[in-house]
Amino acid sequence: MNKIKFAVIGLGHIGRRHATIINEYEESELVGVMDVDNEVTKHELYPKNTPFFTDVAQLIKETRPDVVNICTPNGTHSSYAAQCLELGTHVVIEKPMGLSKAKCESLIFKALQVSKQVFVVKQNRYSPPSKWLKEMVSKKRLGNIHMVQINCYWNRDDRYYKPGGWKGNLSNDGGTLFTQFSHFIDIMYWVFGDIKNIKSTFADFTHGNSTDFEDSGLVNFEFVNGGLGCINFSTAVWDKNMESSITVVGSKGSIKIGGQYMNEIEYCHVEDYEQPELEATNPPNDYGPFKGSAANHHYVIENVVNTLNGKDTITANALEGLKVVEIIERIYESRDLKSLKEKK
């Protein structure tokens, strides 16, 4: 196998994680990093002896990476990715792929135009409970799907939303469903397919002075493939994350994946089926007082390397990345604006 050369744009929490994994994986090589703030080079986790740049064109011209990982604020993902594609590299894009369907479509067109790959980070697909859920539904173990309920109750308070930062800013963040819960919407789409007849009610309980958008919502819909669904979400939970779960009711049984990060089977009662012992789920990404989804980024890097070497296919491609953005966009378009208090 050829060693794949990577560069990373954006050296925040996730960017440093990408850089560390690339450095540690024997089939990859970190050739450069870029950030608009050169203070990131002083962080203890900055990859030693790695060239630093503040300009994308210079980064690519001088280091000639095969692929560039985009780990910047949400609102810049699609523009940085388009620039890298134009300059001749493949791209790995942290979620979300973009903040609108139109931006994602433009990015796909550019990738096709220059014959380059777009990898979208959907690391929750690698968690054992998620893979088990996918198998149960695809093999119709549960029969016809009647109902699917997704609950995401997290804490994101003033320790998370810093004054002057991009988080909480509508144009850079996009909203709670983009930043906190898009991975779970991806799992929903990956397992059950598209949705229709969306009705949403949003509210902002505790973030009136820290964000430009909602912190909680109730979303009801139907699945195109049959069955009813709902997403109940909030970042207004006191002090720490409570749960992320999917409950499925089918004609031949019911299951629930729960825990704080959909990391365990909480219920399994299915006709002629015994609950299996799954591999342990990786711990969540640790952001100090906050925890995120499972730390599965090493699988993402491995998939990129293997795909570019012709040994695998993309786990989450650009069309799937676009679809998740399009679903979130439709949810926001369907919201009951009267339920969202006027922001200051």
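Since every read-out is calculated from the coordinates, none of them should be taken as a lab result. None of these values were measured; they are calculated from a predicted model. Cβ sites come from the backbone with ideal geometry, for glycine too, and all protein chains shown count toward neighbours.
Kirkwood hydrodynamic radius computed over segment 4-120 comes to 14.0 Å, based on all pairs of distinct alpha carbons.
Over 37 Å, how big is the tail of the calculated P(r) for the chain, in percent of all Cα pairs? Could the numbers behind the result be given before it?
Values: 10134 of 58996 pairs.
Within the chain, distances greater than 37 Å cover 17 percent of Cα pairs.
Between amide H atoms placed 1.01 Å from N, distances below 5 Å from residue 8 occur with 32, 33, 34, 69, all of them 5 or more places distant or on a separate chain. So what's the gap between the Cα centers of segment 84-107 and segment 153-229, to the nearest angstrom? Value for the Cα centre distance between the two parts: 21 Å.
Derived scalar couplings between HN and Hα for segment 176-193 equal 4, 5, 6, 8, 8, 10, 5, 4, 7, 5, 4, 4, 4, 5, 4, 8, 10, x Hz in order, rounded to whole Hz, by the Karplus curve 6.51 cos²θ - 1.76 cosθ + 1.60 (θ = phi - 60°), x for Gly and Pro. Residue 315's amide H: which non-local residues (gap 5+, or another chain) put their own amide H closer than 5 Å, with H modeled 1.01 Å from N in plane and none for Pro or chain starts? The list, which skips near neighbours in sequence, is empty: none.
How large is Rg/Rh for segment 188-331, to two decimals, with Cα atoms and a Kirkwood Rh?
Working: Rg = 17.8 Å, Rh = 18.1 Å.
In segment 188-331, Rg relative to Rh is 0.98.
Please give the calculated 222 nm ellipticity per residue for the chain, where each DSSP H segment of at least 4 residues contributes -39500 (n - 2.57) and the sum is spread over every residue; nearest 500 deg cm²/dmol?
Working: 10 runs with 102 residues, N = 344.
Helix contribution divided over all residues of the chain: -9000 deg cm²/dmol.
Given 68, 45, 23, which one lies farthest toward the positive end of the charge dipole of segment 4-120, if we put +1 on the Cβ of every Lys and Arg and -1 on the Cβ of every Asp and Glu? The listed residue farthest towards the positive side: 68.
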